[in-house]
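The values are calculated or read from the model by the stated rules, or taken from the named source; none is laboratory data. All values derive from a computational prediction rather than experimental measurement. Positions of Cβ are backbone-derived with ideal geometry, glycine not excepted, and every protein chain shown enters the neighbour counts.
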Amino acid sequence: MIALPEDRRDPELSDLAREAVIAAITTDAPTDQAPGPVSAAVALRAVLGQTDALTPHEQALMRDWLDRIAAAT
């Protein structure tokens, strides 16, 4: 987030990342499991602001979808 211009930073990203790390540390799931949609959504959400392929409205919609997937644990 620090590397992004201030107007492109998303303050929710740090909350999502923190929750993903806590969930990964506190779960009893084996480490050899294939990554699922939650980790993929968090990873994509982390770099979404680095693309110009989507309009601002499309990015907002994608952020909403990724937030829903990340929260569906």
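Annotations
- Conditions (1) in a helix (DSSP H, G or I); (2) at pLDDT below 85: number failed by ASP10: (1)
- From ALA17, ALA72, ALA34, ALA43, residue being surrounded by 13 or more Cβ atoms within 10 Å (Cβ to Cβ) and modelled with pLDDT under 85: ALA17
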